[in-house]
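Please treat every number below as a calculation from the coordinates, not as lab data. These figures come from a predicted structure and were not determined experimentally. A quick note on method: Cβ atoms are made from the backbone with ideal geometry, for glycine too, and the neighbour counts reach across all protein chains shown.
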């Protein structure tokens, strides 16, 4: 990797967290280990640590998502940072200001970190390329490109339940083609060295480059679930169905909805994951979602600790340490 | 009371605050006494106490109310808690997530208390029935059922001005049928042992069970106000008027609007209360609302201290004390 | 000045900050000096001072402006105050509550400072006239009347770059007629004693009383820019153009848009300012806005320190110092 990775500072430390692609296994493992230490913080009576006291973190959301915004707000507050929530679609940009003007204005106010959610793939990268030296960018989901913090909390959940990655066979089920979550999960699983990654999806919802990513593609759920250790269900995005790329919701459930009888084909100790929010009776049966092998709520629980780990790690980059980078 | 009250933990301490009904006089009095101590906090220069530092309180509002949300947010911040504001009607539920999925997700994030506002009667109870052991639920108004924190700040205001409850005659005036505030006030006044509770309302706006609640019903304002110590005006809900259950706004004011000449029939030292926001010239004349006997703004002022008392008491329940109740 | 200035307490200290008009040079200079000391705070790693800990500051916005709200929220948080954001247009007032009822309710909750944004000129004054003794009002923009905190951060930026005011010639360019920013800037520049203030605008966009304010009016941009030290561009408000008081956007740019060739007429070390958000290619060319003489982002950077200075000064007034002013 001669080309410098924009996500790292010159000493190779994390600065931005935009995508799993290009990050080394050691760095991912360090995040998981750091998250482990924060897990106890979120469970004790006083759930705060003073790590980011006096820092300002901006949730800059160009796409409404109370759920995702809440997880980042909680993580930031538990690190003792000040948090600003900006719903950008209904504010500055309506006055014709450009995306970069919005960024540079908030930088000038000495904000330290921007958590970006944007409907366009690549938006977080674009912002990171133009960010001031003291600023860190966290990608909270950009178009159908990446959702790396979600992938990391999924890895954390898998490691907690299954231990070493190299023995595992993991299946990702659903609309992989449009899923930023799936894309980030595949990169993370691959970097962490799982034995086998499977993608189970209708022919129309598999990315063209799937095989080159080193995954095995299945179009039959029963076949694909055979002997897997981890089943990751994806959320069916209703808005994608309008493109006629999918049969009816009912037919989808028949073919790709996870039910107890289909799950019987996986390993007996397989765990079931889902990034949420779940569509009960569409991609997953309630009996499975709420059943003993579901770790869906644990994913949510781990999300806070994992995001605390990523945010605190990113705030230790070179530029952040020295003050006075902003215009004066 | 053999049946266990869901609002109390196994040692009889407050855990949820859903309704006044079923709570004992000692518990209500303890809340009022605790609020008394917080009154000085809200009046000093640094208005914070560290009681709930590191706790996360979620304002989960399924019905927009900046006013009510603000009072709870202030109370929580003055207890040093972290606060998340979630307007649920425009977030998770639009993605088809169920109410319980929303609850369980926030619980998994180790939130400690949920302040619930919901248009459906019974929503706060429903949520409390399904809440994790470490979680407390506060009802901030559910349909036409209950608004217990409002009733408690009303009791606090009455006690501050009138002392002992057992000597008092209290009149509640207006649309009692649809009022969650009135329902909670009647239970609180009754539990605290006032001498007489009167309900003054048009025939169409008196609940069928009024008499069984131990109240005296009047349909004439002048008659009902005679010799009362406390007059509680209710807000006229315009949305209710469309049901043709009421005459015109003007006619309502003639019959049930509180004016100085009607007020002359009450005791000379009677106080006037209103939960706000007031409709000037509809249920109350401005001269009365802003007059010397009005304690309407004092109700607001006491609201912070009373909510601090309820929130801090509820956070001392059994499950809250021990950490690690959440999924891991 | 025999008539008491509502902005000052009885000892002449700042209490409200509503308009620059009527404030003495010493007071403005004191604010600039205080802001100087806060500049270092916003640039260090822990950007907080405990000056307003335990105080509650309410952003009460009757006009949506994420940008302005954000700057005040940041300033308040860096002073360690608690902040409530209230978008008043979509809350209390929709229930028919009057503006003063909203004010008095928030006062009763022991809020200490209100930052008011309102579409009507004079709204902040009106609120200040009715505010309780313990409360301070900051005008964050009222109609086309005043935007005094913006003017002060502009003065701060000018002083940082140009030193003494008395030598300077400052030009304000654009829709001065409708600009609350321009009005406050003219009062500030005049009070601080600049040598010359110029207004450069189409005939239809110059206030009738311009000459009486002591400014020189130009209708030709090239002529007006000659030898100026500071160029302040105003934002073109599209909504004003509908009134047919302006030619097309393109024609406006030809005549009054700031380009490098027109700027060549100003002094070689002239600085370019703009309150933001900028309309690129309408009132200013991108080459100028992003060029070496632009201090537009520094204005934003200084905004936090200047607002911290104004807020902390206003909280030292007589009523604020003593507790217990609120109803009890």
Inset, instruction - Assign one of three labels to the protein assembly as shown, namely rounded, prolate or oblate, based on the Cα gyration tensor with a ≥ b ≥ c the square roots of its eigenvalues; rounded applies when a/c is under 1.5, prolate when it is not and a/b is larger than b/c, and oblate otherwise. - result: oblate
Legend entry - Alpha-carbon centroids, segment C:251-282 and segment B:303-319: separation in whole Å: 58 Å
Legend entry - Residue list for segment C:274-303, given a label point 7 angstrom along the Cα-to-Cβ vector of residue C:254 and an amide N cut-off under 18 Å: C:281-285
Inset, instruction - Mind listing the label-point distances from residue C:223 to the same position on all other copies, shortest first, one decimal in nm, points 7 Å along Cα→Cβ? - result: 8.3, 8.3
Legend entry - Residue order, fewest to most beta carbons within 10 Å, for C:166, B:178: C:166, B:178
Legend entry - Cα shape, chain A, gyration tensor, a/c 1.5 rule: prolate
Inset, instruction - Using R₀ = 60 Å, calculate the FRET efficiency as 1/(1 + (r/R₀)^6) where r is the Cβ-Cβ separation of residue A:204 and residue C:44; round to 0.05. - result: 0.65
Inset, instruction - Let me know the mean shielding of A:297-308 by other chains, meaning the per-residue number of their Cβ atoms within 10 Å of its Cβ. - result: 4
Inset, instruction - Write down the percent of antiparallel bridges among all DSSP beta bridges whose residues are both part of the protein assembly as shown, to the nearest 5. - result: 5 percent
Inset, instruction - Rounded to the nearest 10 degrees, what's the angle between the helix B:99-108 long axis and the longest principal axis of chain B, both from Cα atoms, 0 to 90? - result: 50 degrees
Legend entry - Inter-site label distance for residue B:87 and residue A:87 at 7 Å from Cα along Cβ, in nm: 0.5 nm
Inset, instruction - Restricting to chain A, compute how many DSSP beta bridges are antiparallel as a %, nearest 5. - result: 5 percent
Inset, instruction - Every other copy gets compared here: list the nm distances from the residue B:254 label point (7 Å along Cα to Cβ) to its counterparts, shortest first, one decimal. - result: 6.7, 6.7
Inset, instruction - Count, for each residue of A:37-48, the Cβ atoms from other chains sitting within 10 Å of its Cβ, then give me the mean as a whole number. - result: 5
Inset, instruction - From other protein chains only, count the Cβ atoms within 10 Å of every residue's Cβ in A:51-62, then give the mean. - result: 2
Legend entry - Listed peptides B:273-279, B:256-262 by packing density, highest first (mean Cβ within 10 Å): B:273-279, B:256-262
Inset, instruction - May I ask you to report, in nm to one decimal and beginning with the shortest, the distances from residue A:204 to the same position in the other copies, taking label points 7 Å along Cα-to-Cβ? - result: 5.4, 5.4
Inset, instruction - Sort segment A:148-301 into rounded, prolate or oblate with this rule: let a ≥ b ≥ c be the square roots of the eigenvalues of the Cα gyration tensor; rounded if a/c is under 1.5, and if a/c is not under 1.5, prolate when a/b is larger than b/c, oblate otherwise. - result: rounded
Inset, instruction - Would you mind ranking B:111, A:169 by Cβ crowding within 10 Å, fewest neighbours first? - result: A:169, B:111
Inset, instruction - Provide the percentage of antiparallel DSSP beta bridges, counting only those with both residues in segment B:122-264; round to the nearest 5. - result: 10 percent
Inset, instruction - Using only Cα atoms, tell me the angle between helix B:180-191 and the longest principal axis of chain B; keep it within 0 to 90° and round to the nearest 10. - result: 90 degrees
Legend entry - Folded to 0 to 90 degrees: helix C:148-162 orientation relative to chain C principal axis, Cα: 50 degrees
Legend entry - Beta carbon of chain C nearest to the axis of the rotation taking C to A, residue and angstrom distance: C:85, 5
Inset, instruction - Quickly estimate the mean residue ellipticity at 222 nm for chain C, helices only: each DSSP H run with n ≥ 4 gives -39500 (n - 2.57), and the total goes over all residues, rounded to 500. - result: -11000 deg cm²/dmol
Inset, instruction - Please report how far the C-alpha centroid of segment C:96-122 lies from that of segment A:156-230, rounded to the nearest whole angstrom. - result: 55 Å
Legend entry - Proxy reagent accessibility, fewest Cβ within 10 Å first, across A:167, A:48: A:167, A:48
